[in-house]
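No lab work stands behind these numbers, since they all come straight from the coordinates. Small disclaimer: the values here were computed from a predicted structure and weren't measured. Heads up, the Cβs are rebuilt from the backbone with ideal geometry, glycines too, and the neighbour counts pull from every protein chain shown.
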Amino acid sequence: MTARGPLVIIIPAFNEEPAIARVVAEVREIVPGVPVLVIDDCSIDGTANAARRAGAEVLPLPCHLGLGGAVQAGYRLAYELGYEYVIRVDGDGQHDPVFIPKIYEALRSSSCEMVIGSRFVDGAGGYSSLLRGFGIRLFRLILRPILGKPVRDPTSGFVGVNRSALQVFSSSFPLEYPEIEALVVLQRKAFRFMEVPCAMRPRMAGRSTITAVKSLYYIFHVLMGVFVNVLKYEGRRRHR
Amino acid sequence: MQGLLNFLAGLSLVVVLMVLFSVRRSHIRVEYSVSWFGAALTLLVLSRTHAVLDWVAAGLGLGSAPVALMLVVGCLFLLVLFRFSVIISALKDSNIALAQRVAILEYHLDSIHEENKNRA
């Protein structure tokens, strides 16, 4: 099988049976003809079948790898199939597919390797909890000197990447909580990113598994990941 | 002090026996048993030879031999744990790469089957 066009949408999903069909249907409606690839992270419900019925192709992982492992599997397949651009949409419906064309356009027209759908670019987004708000502000502060430019929504998973970034992520991608560390990985390669304003929605079904304790673990884990990646830093930075 | 040294000597023997049985039953691979054998045998030697233990204590600037022994034991087991963390990390990376490769190959196989079905 080879690429059918320059763009593919990947949707990592773990136990998202109630939401995945609607997410796939919405994506197909917004970008008709663009392949939709659901990476089923070994769900124990009917996520894979629901996605297939909705018209997506499914990459079924043989064991649960976590978000980073699932996203990287999608990136690897997209890279092997020869796609030029990949846009990641979450399987819980929080990312409104109506913004996919905007991210795609930004990817094609800018020279950035990554485009982030950001809740905070136009100041419209709010924080879902105090702790998350604290975490996002903290990471903005920490990432500012590392990336050489501000990033408003470093935790957004609504991202598009071009083939250069795809090549890097195929071989090196953070496994747990990948969004922030992925920015540092790109920076190490002197790649660039930009943010475009996007609105996020509440989950279509189910509840977030992120508790206050997990949020604290998240902050600590990502801080460690950022510093480890900075220590691995090689090459010259490119500011933009 | 002698009671502590006897206890540590016994502990090291228990570790050696446990590792031997585990290797015999293939619960631990030989290459991963080496760290445990090394740590347990060092512990055994130090707890049975007072001269060596006194020399280690003097070298570390400690007046008490048991404290020196506990310090050495702690460091040894930290090294063993660190070695296993490195091994587990490498195994996890390999596991993830293999799982991704299996999934991608399965995807390609399904695509080929689908194409063949459509042709037929």
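Quick notes
- In terms of its alpha-carbon gyration tensor, region A:7-231 comes out rounded; the largest-to-smallest axis ratio a/c stays below the 1.5 threshold.
- In order along region A:223-232, the phi-based Karplus estimate (6.51 cos²θ - 1.76 cosθ + 1.60, θ = phi - 60°) of 3J(HN,Hα) comes to 4, 4, x, 5, 5, 4, 5, 5, 4, 7 Hz; Gly and Pro are listed as x.
- Helix B:65-119 and the longest principal axis of the C-alpha atoms of chain B enclose an angle of approximately 0°.
- The label-point distance for B:C75 and B:S94, in a model that sets each label 7 Å from Cα toward Cβ, rounds to 3.1 nm.
- Only helices enter this figure: runs of n ≥ 4 DSSP H residues, each worth -39500 (n - 2.57), summed and divided by the residues of chain B, yield -32000 deg cm²/dmol at 222 nm to the nearest 500.
- Couplings for region A:156-164, taken from phi via the Karplus curve 6.51 cos²θ - 1.76 cosθ + 1.60 with θ = phi - 60°, read 5, x, 8, 10, x, 10, 9, 5, 5 Hz in order; Gly and Pro are left as x.
- Between B:Y32 and A:D122, the simple label model (points 7 Å from Cα in the Cβ direction) yields a spacing of 5.4 nm.
- Electrostatic dipole magnitude of chain A [Cβ: Lys, Arg +1; Asp, Glu -1; Cα centre; debye, to 20]: 920 debye
- Helix-only [θ]222 nm of chain A, DSSP H runs n ≥ 4, -39500 (n - 2.57) each, per residue, nearest 500: -14000 deg cm²/dmol
- Helix B:50-59 and the long axis of chain B differ in direction by around 80°, with both axes built from C-alpha atoms.
- Most mobile of A:V159, A:V213, A:V222 in a GNM of chain A (Cα contacts under 10 Å): A:V213
- Global form of region A:157-227, assessed from the alpha-carbon gyration tensor, a/c cut-off 1.5: oblate
- Relative to the longest principal axis of the Cα atoms of chain B, the long axis of helix B:2-24 makes an angle of roughly 30 degrees.
- Rel. contact order, % - alpha carbon contacts under 8 angstrom, at least six apart, chain A: 23 percent
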